[in-house]
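> Submitted below is the structure of interest, expressed as structure tokens.
The values are calculated or read from the model by the stated rules, or taken from the named source; none is laboratory data. What you are looking at is a predicted structure, and each value in this text was computed from that prediction instead of being measured. FYI the Cβ positions are ideal-geometry reconstructions off the backbone, even for glycines, and counts take in every protein chain you see. Calculation scope for accessible area: heavy atoms of the full protein, side chains included, ligands and nucleic acids excluded. Shrake-Rupley method; radii C 1.70, N 1.55, O 1.52, S 1.80 Å.
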Amino acid sequence: MSIRKRKFFVKRGQGIVVGSFNGTKTAETNMEPGLKAALLDQLSAVKKVKDFQVVLSAVEKAFKVIPDNIYLREYHLATLIGKLHDFEAGWIALGRFTRNAIERNSEDWLLAAMRQLFGSPYDYSCLPFAERFSMGKELSDRILTLCPQWDARSRALSYAAIAPYYHENGKSERAVELIEEALELVEGESLADDVKQEWLAQLLQALEKYKA
């Protein structure tokens, strides 16, 4: 199965996570191109409307037809939780997204689910604590099992993604270890200077937070 690799920037709170995304060929790439384009064009037009219920409906319609589009799934969560503040429906969608990621057992889905659970800018204090951390543990275990097969950039991204789980779980020493490993990996990478410095700055900020 062919792998498409590209650099991506994901906004998280006040920073930007820089990393690599491994996208496997999925049903999305095999579907009829005209249908896919029409759905995405419709969604793009709907996003300009400030009626987020309409946006939600369009997003849900789109990802039912293109279930392997991870960004549609994340936008669905952002609409439910960030725009509509519907944490009940958002929690159901987040749980489904996490289960899908675990079933797929792929880098991009596992990391996206971990970021949604523990790297989100939203206040999750109202969500079921035990269930959220149980899912975080399974995601973390799977990521740590798989990441030795990945390149240095992907491993650094993985360590940065799971460190917040350990920090929130009261295991800040482990979070510090992961960030320090990520720093070492990024330092050894050949990256554009501005990209490397931005990534290092974010990791150092996280390190300071976890040490405190």
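> Check whether at least one residue in segment 195-209 is open to solvent by less than 60 Å² (accessible area, probe 1.4 Å), out of contact with any Lys or Arg (no Cβ under 7 Å at 6 or more places or on another chain), under 20 Å from S120 (Cα atoms) and in a loop (DSSP other than H, G, I, E, B), and report yes or no.
No, every residue in segment 195-209 fails to be open to solvent by less than 60 Å² (accessible area, probe 1.4 Å), out of contact with any Lys or Arg (no Cβ under 7 Å at 6 or more places or on another chain), under 20 Å from S120 (Cα atoms) and in a loop (DSSP other than H, G, I, E, B).
> What are the residues in segment 68-109 that are outside any helix (DSSP H, G or I) and in contact (Cβ under 8 Å) with a residue 60 or more places away in the chain, if any?
Taking segment 68-109 as the starting set, the residues that turn out to be outside any helix (DSSP H, G or I) are 68-69, 84-86, 105-106.
The one that is outside any helix (DSSP H, G or I) and in contact (Cβ under 8 Å) with a residue 60 or more places away in the chain: S106.
Let's see how each residue does on (1) more than 16 Å from R115 (Cα to Cα); (2) touching a residue at least 12 places away in the same chain (Cβ under 8 Å); (3) open to solvent by 60 Å² or more (accessible area, probe 1.4 Å):
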residue	(1), (2), (3)
A130	yes, no, yes
K137	no, yes, yes
S140	no, yes, no
I143	no, yes, no
L146	yes, yes, no
W150	yes, yes, no
A160	no, yes, no
Y166	no, yes, no
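> Any residue at all in segment 84-102 that is polar (S, T, N, Q) and surrounded by 18 or more Cβ atoms within 10 Å (Cβ to Cβ)? Talk me through it step by step, then tell me what you get.
Here is the first cut: in segment 84-102, the ones polar (S, T, N, Q) are 98, 100.
Imposing the further condition that a residue be surrounded by 18 or more Cβ atoms within 10 Å (Cβ to Cβ) reduces the set to 98.
Yes: one or more hits.
> So, in segment 128-149, how many residues would count as being among the aliphatic types (A, V, I, L, M) and out of contact with any helix residue (DSSP H, G or I) (no Cβ under 8 Å at 6 or more places or on another chain)? Talk me through it step by step, then tell me what you get.
Going residue by residue through segment 128-149, those that are among the aliphatic types (A, V, I, L, M) are 130, 135, 139, 143-144, 146.
If we keep only those that are out of contact with any helix residue (DSSP H, G or I) (no Cβ under 8 Å at 6 or more places or on another chain) too, we end up with 130.
Result for segment 128-149: 1.
> Condition first: polar (S, T, N, Q), in contact with a helix residue (DSSP H, G or I) (Cβ under 7 Å, 6 or more places away or on another chain) and over 17 Å from L117 (Cβ atoms). Now tell me which residues in segment 57-104 satisfy that.
N69, T79
> A175 - would you say it is touching a residue at least 60 places away in the same chain (Cβ under 8 Å), part of a helix (DSSP H, G or I) and either on the phi < 0 side of the Ramachandran plot or open to solvent by less than 20 Å² (accessible area, probe 1.4 Å) (or both)? Lay out the reasoning, then the answer.
Working: touching a residue at least 60 places away in the same chain (Cβ under 8 Å): no; part of a helix (DSSP H, G or I): yes; either on the phi < 0 side of the Ramachandran plot or open to solvent by less than 20 Å² (accessible area, probe 1.4 Å) (or both): yes.
Answer is no for this residue.
> For segment 97-112, name all the residues that are among the hydrophobic types (A, V, I, L, M, F, W, C) and within 14 Å of S158 (Cα to Cα).
As a first pass, look at segment 97-112 and keep what is among the hydrophobic types (A, V, I, L, M, F, W, C): 97, 101-102, 109-112.
Across segment 97-112, the qualifying residues are W109, L110, L111, A112.
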